[in-house]
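The values are calculated or read from the model by the stated rules, or taken from the named source; none is laboratory data. In this text, all values refer to a predicted model and were calculated from it rather than measured experimentally. Positions of Cβ are generated from backbone atoms using ideal geometry, with glycine treated the same way; all protein chains shown enter the neighbour counts. Quick note on the areas: whole protein, heavy atoms, side chains included, nothing else; ligands and nucleic acids left out. Shrake-Rupley method; radii C 1.70, N 1.55, O 1.52, S 1.80 Å.
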Amino acid sequence: MTLLLKDVTKRFGKHTAVDQLSLEIPESEMFGFLGGNGAGKTTTFRMILGLLDSTSGDITWNGEPINYDKSHLIGYLPEERGLYPKLKVREQIIYLGRLRGMKKNDIVTELEGWLERFKVPEYMDKKVEELSKGNQQKIQFISAVIHRPKLLILDEPFSGLDPINVEMLKQAVLDIKAQGTSIVFSSHQMEHVEELCEHLCILQKGKPVVYGALGEIKRSFGKKNLIIHADIPLEFLRDYPGVLHLKKVTAGCELQIENEAVSQGIFAALQGKGFIRKFDLAEPSLNDIFIEKVGAAYE
Ligand code: ATP
């Protein structure tokens, strides 16, 4: 059940929103889609779902095009949230579940399970408009997964949620993945992608500027972060050969260095100067990589 995008391009008039994008998303995989505003994430999702025709290129899932007869296998949480405000949660989800070909009893059982899990069983008979925005989002998430899709597309699933709800949703997404669903999600928050995804793509102006396995991407980035906590002045390291950037923090400093070897020189240079509490060579964060690759274009 691999999702395959091959040279996919979407033009709106003269504007190219997605430019020759090729991706492979294997089964049971969580794939992260990053990119600044207007990078082309939502447009890509709409093309995958068949809501928008690509200008050129192919999108297949398990070797076949995605069309209407696969809608019971696909779940989608759109970026523009929208439920029927006057309907009760129960009515709303039954309606959407029926559209996916489910039986009413099965829908209710599944819904009860989800509301229980999200610790809001009392929402069953509340009108959607009575719920806060974040809680409406949980309901909309349930509507996207009620039919246990095999492919789940989530556009900014964590935006607007408090930390407790973010955690709850993350766990839910991980469980769905463990049951064999492929999940593609977009986010502006790098830490979510870093935590959840094996593979990712960073889009800029419709083109992938970074694509691959998270670990590989980090290794190939080369540069490292060096965290030093010490009771001695560290400011002199700003001019140390191989140090690209120094950020002061309360307990010491965080450096970006050219490569691992630089850290050993710094380690030697600090000897005998005073007490060192922490000396930690770390992989670059996805945030570092994003900023370097996409730069000021990211808001
Ligand atoms: P965001 O993070 O802000 O949601 P995004 O990565 O999802 O951004 P898209 O919504 O895919 O970006 O938009 C990509 C580009 O395509 C933008 O420049 C946008 O203005 C343009 N675009 C999207 N939909 C249309 C449309 N229906 N007609 C014309 N231009 C469009």
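Taking the protein heavy atoms of the chain in the context of the full set of protein chains, the accessible area attributed to carbon and sulfur is 51 percent at 1.4 Å.
What number, in percent, do you get for the relative contact order of the chain if the mean sequence gap of Cα pairs under 8 Å and at least 6 apart is divided by its residue count?
Details: 528 pairs, mean separation 61.8, N = 299.
It rounds to 21 percent for the chain.
The stretch between residue 55 and residue 15 holds 13.2 nm of extra length on full extension. This uses 0.36 nm per residue minus the Cα-Cα distance. I need the shape label for the range 108-181. Rule: rounded when a/c is under 1.5, else prolate if a/b > b/c, else oblate, with a, b, c from the alpha carbon gyration tensor. Oblate shape, in that a/c is at least 1.5 and b/c is the bigger or equal ratio.
Axis of helix 163-178 versus longest Cα principal axis of the chain: the two differ by about 70°, to the nearest ten degrees.
Accessible area per residue, 1.4 Å probe, Å², for the chain: what's the number? Write out the running numbers ahead of the final one.
Numbers: 14770 Å² over 299 residues.
On a per-residue basis, 49 Å².
Can you give the % of DSSP beta bridges in the chain that are antiparallel, to the nearest 5?
Details: 39 of 57 bridges.
Expressed as a percentage, antiparallel bridges in the chain total about 70.
If the chain between residue 249 and residue 67 were fully stretched, how many nm would it gain, using 0.36 nm times the residue separation less the Cα-Cα distance? Taking 0.36 nm per residue and subtracting the Cα distance, the gain is 60.3 nm. Rounded to the nearest 10 degrees, the angle from helix 260-270 to the longest Cα principal axis of the chain is 50 degrees.
Label zone (residue 273, point 7 Å along Cα-to-C-beta; backbone nitrogen cut-off 12 Å) within the range 205-248: 228-241.
Suppose R0 equals 41 Å; then what is the FRET efficiency for residue 280 and residue 109 from their Cβ-Cβ distance, rounded to the nearest 0.05?
Values: r = 49 Å, r/R0 = 1.19.
Efficiency at R0 = 41 Å is approximately 0.25.
Show me 37-50, 159-172, 237-250 ranked by packing, highest mean number of other Cβ atoms within 10 Å first. Each step should come with its number before you reach the end.
Numbers: 37-50: 20.9, 159-172: 14.6, 237-250: 12.6.
The densest-packed peptide leads the list: 37-50, 159-172, 237-250.
Considering only 154, 52, 234, give the residue with the highest GNM mean-square fluctuation for the chain, with springs between Cα atoms whenever their separation is below 10 Å. Judging by the Gaussian network model, the answer is 234.
Taking 0.36 nm per residue of separation and subtracting the Cα-Cα distance, full extension of the segment from residue 235 to residue 264 would add 8.7 nm.
Cα axis of helix 104-117 to longest principal axis of the chain: angle in degrees, 0 to 90, nearest 10? With both axes taken from Cα atoms, the answer is about 30 degrees. Charged side chains reduced to their Cβ positions (Lys and Arg at +1, Asp and Glu at -1) give the range 90-182 a dipole of some 360 debye around its Cα centre.
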